[in-house]
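Worksheet: one structure, shown below.
The values are calculated or read from the model by the stated rules, or taken from the named source; none is laboratory data. What you see is a predicted model, and the numbers here were worked out from it, not measured in a lab. Heads up, the Cβs are rebuilt from the backbone with ideal geometry, glycines too, and the neighbour counts pull from every protein chain shown. Quick note on the areas: whole protein, heavy atoms, side chains included, nothing else; ligands and nucleic acids left out. Shrake-Rupley method; radii C 1.70, N 1.55, O 1.52, S 1.80 Å.
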Amino acid sequence: MAGPGRDQREPMERLVRIAAVLHANAGRGVSGERLAEVAGFDGQDRADQVARELRHLGRQGWQIENIGAPGGGSVYRMTTVDNRLRVRLSPAQQTALRRAALLADRDDLAERLGLPEASRPVAVTAQVAADAAEGSASAALSTVVRAVRGRRLLRFGYKGTPRVVHPESVRTQNGRWYLRGVVDADLDTGLVKTFVVARMSDVAADEPGTAERFAAARHIGLHPMTWELDEPVDVTLSTTAEHEPDVRRWLGAPVDVRVEPDGSVTMVYRVTHREALHARLYELGRRVRLVGPADVRADFVEVLAGYAGLGALR
């Protein structure tokens, strides 16, 4: 937008046009190219110009997300939210209110607070059918959800081993549900582990209040890469000097950078939110290569295989 002392009318009208088109197409979204046309942008940097305008709208309280398929063009969708709450509440207060709405089974309120399903980082992110068949994946997920909400100790089989887990949260990523919790034997260390709900067997929950309470994952900044949702791991990426600025723009500042003898650039990132890493790797495409560690690389390959319908490629 224009700086102080400059005519604010044109940039304000541009924002209004963009917001109006997004609002009119809230169901299916609007392509980035269409928004560039609406805004009157042209040239090679029009995508960056559109992203800048969307950030301005985001600071005004509008919830806008990119729902485009990985590898395809950007498609933006606006969610109708109550802007007054975003302006008047601090980030910590907004997070607490959203968490309360989710735990109260109020998905309608969660959406009005501007919490799209793909970005719900704590507690429960979707409802489960109450009449799920006994022993089905839905029934297992339903039991896990009730355990998180009621602070119930969970008992289940996992990879052939009986587990007793104090649940911390349950969330979805790329169509797969994950439970985060502390195994009863690890209570002294408080080590949080992640379990794939679909791989659990004989899932049962104890009475409410039988599980220990743990602090929710922290969001120490607005950038999703700073959210503490997963166990920290140092991830190594390789890029070129030409594309290093692009990697920094999408992932932030690395913890280590090395220029290799062949001229390539090795960048190390401390990752605590793997889903955010995946989303940014999709955007960067061939400009960056995920080197390791092996389990992080294998996890990313599995996600890509799922999108391609190829099954496991580990």
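Accessible surface for residue 178 stands near 40 Å², nearest 10, in the context of the full protein assembly shown (1.4 Å probe).
Here residue 242 sits with roughly 140 square angstrom of accessible surface, probe radius 1.4 Å. Residues whose amide H falls under 5 Å from that of residue 200, counting only those 5 or more places apart or on a different chain, are absent, with hydrogens built in the peptide plane. Compared with the direct C-alpha span, the chain from residue 67 to residue 253 gains 64.4 nm at full extension, assuming 0.36 nm per residue.
Segment residue 264..residue 298, full-extension length gain: 10.0 nm, with 0.36 nm per residue of separation and the alpha-carbon distance subtracted.
For the set 278, 23, the ranking by accessible area, highest first and with no ligand, DNA or RNA atoms included, is 23, 278 under a 1.4 Å probe. Taking all protein chains as shown and a probe of 1.4 angstrom, residue 251 keeps an accessible surface of around 10 Å². For residue 68, nonlocal amide neighbours, meaning residues 5 or more places apart or on other chains whose placed amide H falls under 5 Å from its own, are 75. Under 20 Å from the 7 Å Cα→Cβ point of residue 191, by amide nitrogen: which residues of the range 148-169? Inside the label zone: 154-169.
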